[in-house]
Amino acid sequence: MPDTPPPTLTEMPAVAGGGLLDRRLFLKRGMVFGVAALTAETGMADALDRPVWMSRPGQPLSNYGQPSPHEKDVIRWISANAQAPGNGISWTPLHKLAGTITPSGLHFERHHNGVPQIDPAQHRLLVHGLVRKPIFLDPARLHRYPMRSRVCFVECGGNSNAGWHEEPMQALAGNMHGLVSHSEWTGVPLATVLEEAGVKPEARWIIAEGADAAAINASIPLEKALDDALLALYQNGEPIRPENGYPLRLILPGWEGVTQIKWLRRLEVTDRPTMARNETAKYTELQADGKARQFTFHMDAKSLITHPSYGYRLQEPGLYQISGLAWSGRGKIRKVDVSADGGKTWAEAQLQDPILSCAFTRFQIPWHWSGGAQILQSRATDETGYVQPARSDLIAQRGRHGYFHYNAIVSWAVEPDGSVHHVYA
């Protein structure tokens, strides 16, 4: 009986305009994808040759592993304030990463007065205010408490704010949207420490303060502190790095990054917010109806296609994988739809497990590029039913005075020469 030839790409029907194929295509066994670079005739001899690194011993052991020198461009992009040393940001290169976990050394940074070099033996956390018993803890004592791990994203409220500009900014995906990172954080639930301190009935807020030279502080509703707040000591299995808050930082899953105080030194339990600079002059925005938004803690559902995106050039027409990240501060991502024709038609992408609350979810969908001009978009929906808005809808709702919490659909235009750039669609 003759062998049945495996199915080919041309036998797979499109599920939406622009060549989007069934999201389960890459899960099918026996498919002929037609993307192999070599054939037996042209590549077998070269593939069997022993390269030079197989002819001599490799490098010796090291105390701490480093990236390959061939990946030297997988780095954070820094935007510093020349007038105020220590004030600036660095962006996670989302377009260079796969999976969901952000390496600790690539986690985005936002500093107001540099990175303090803290000796953990001299660092203390004070819990005081409206409590029955103030608590004074050093990191060593915190390590004696039962710990818990939580995988979640941290996103700056100013992430993606270039989207408010009149003209689309041409920059790598991570250099526009990379003020968000995703880690496993391990530490002591804040509720455990507050229970030991004994919160008084009139308490409503907690003022968190960092040990940097700016003494950055933020007001946290007591309800959140007692829910899932974490006094984090570890990031991705190792002690938190200095730029990410060593030796102790506050983690508030799903909330804007400015509230998740690094180098945490003080928690004051109060009956009112502190009305700090980052709650009045900043992170408060005039809306289209003349009212101002304040205490916009949650980060709404958002998604971003990272492959392909600005800076990529498709080699030739054929099969590609569209891949990206989706996240929501209000729970799990329920689905991600992808469009290859500027939003005229949509197809549901495949979500990679695990799908966790307030966490990155990787999505992907196969796409057959015919070689013409197309516009790629992604649209996230979270478990509350919230749908990521189009840019025009976000501006209609929020007005033109926005700077924070930009979460509109991002559009990448693919040109016939294979180049990709940012457009508003």
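Laid out as a table, the results:
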read-out	value
Theoretical FRET efficiency, 1/(1+(r/R0)^6), r = Cβ-Cβ of LEU48 and HIS70, R0 25 Å, to 0.05	0.65
Longest segment of the chain lacking GluC sites (Glu not before Pro) that sit in a DSSP loop with at most 10 other Cβ atoms within 10 Å	203-425
Stokes-Einstein translational diffusion, the stretch 117-249 - Kirkwood Rh over all Cα pairs, 1.002 mPa s, 20 °C, in µm²/s	128
Stretch gain in nm, segment ALA14-LEU226, where the contour uses 0.36 nm per residue and the Cα spacing is subtracted	71.5 nm
Separation of alpha-carbon centers, the stretch 56-120 and the stretch 350-418, rounded to whole Å	26
GNM top mover of ARG265, ARG379, ARG56 - the chain, alpha-carbon springs below 10 Å	ARG56
Under the Karplus curve 6.51 cos²θ - 1.76 cosθ + 1.60, θ = phi - 60°, whole-Hz ³J(HN,Hα) for the stretch 285-296, x wherever Gly or Pro sits	10, 6, 9, 4, 8, x, 8, 10, 8, 9, 6, 8
Three principal axis lengths of the stretch 49-147 [C-alpha, angstrom, descending]	73, 40, 27
Residue pairs, from the table LYS96/LYS344; LYS282/LYS302; LYS72/LYS224; LYS200/LYS335; LYS28/LYS72; LYS133/LYS262, whose Cα atoms sit over 32 Å apart	LYS72/LYS224; LYS200/LYS335; LYS28/LYS72
Normalised contact order of the stretch 294-350, rounded percent, pairs of Cα under 8 Å and 6 or more residues apart	33
Interchain or long-range residues, amide H under 5 Å from ILE240's placed H	TYR234, GLN235
Of all accessible heavy-atom area on the chain, the percent that carbon and sulfur account for (1.4 Å)	53
Convex hull volume of the stretch 187-226 per residue (C-alpha atoms, cubic angstrom)	83
Inter-label distance for ALA140 and THR280, nm, one decimal - labels placed 7 Å from Cα along Cα-to-Cβ	4.1
Loop-located trypsin sites (Lys or Arg not before Pro) in the stretch 125-164, at most 13 other Cβ atoms within 10 Å (DSSP)	ARG132, ARG144
Gain on full stretching of the segment that runs from GLN321 to LYS291 - 0.36 nm per residue minus C-alpha separation	6.5 nm
FRET efficiency, 1/(1 + (r/R0)^6) with R0 45 Å, evaluated for ASP353 and SER55 via beta carbons	0.60
Choice from GLY290, GLY17, GLY331 showing the highest fluctuation, given a GNM over the chain with Cα pairs closer than 10 Å	GLY290
Most mobile of ALA213, ALA359, ALA191 in a GNM of the chain (Cα contacts under 10 Å)	ALA213
Expected-Rg normalisation [2.2 N^0.38 Å, Cα atoms] applied to the chain	1.10
Cα convex hull of the stretch 240-363, projected area averaged across orientations, nm²	12.4
Heavy-atom SASA rank of LYS224, LYS28, LYS72 (probe 1.4 Å, accessible area, largest first)	LYS72, LYS28, LYS224
Pairwise FRET efficiency - ASN87 versus ARG400, Cβ, R0 = 25 Å, nearest 0.05	0.40
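The values are calculated or read from the model by the stated rules, or taken from the named source; none is laboratory data. Note that the structure is predicted; figures quoted are calculated from it, not measured. Neighbour counts run over all protein chains shown; Cβ positions are idealised from the backbone, glycine included. The area values use the complete protein model at the heavy-atom level, side chains included, leaving out ligands, DNA and RNA. Shrake-Rupley method; radii C 1.70, N 1.55, O 1.52, S 1.80 Å.
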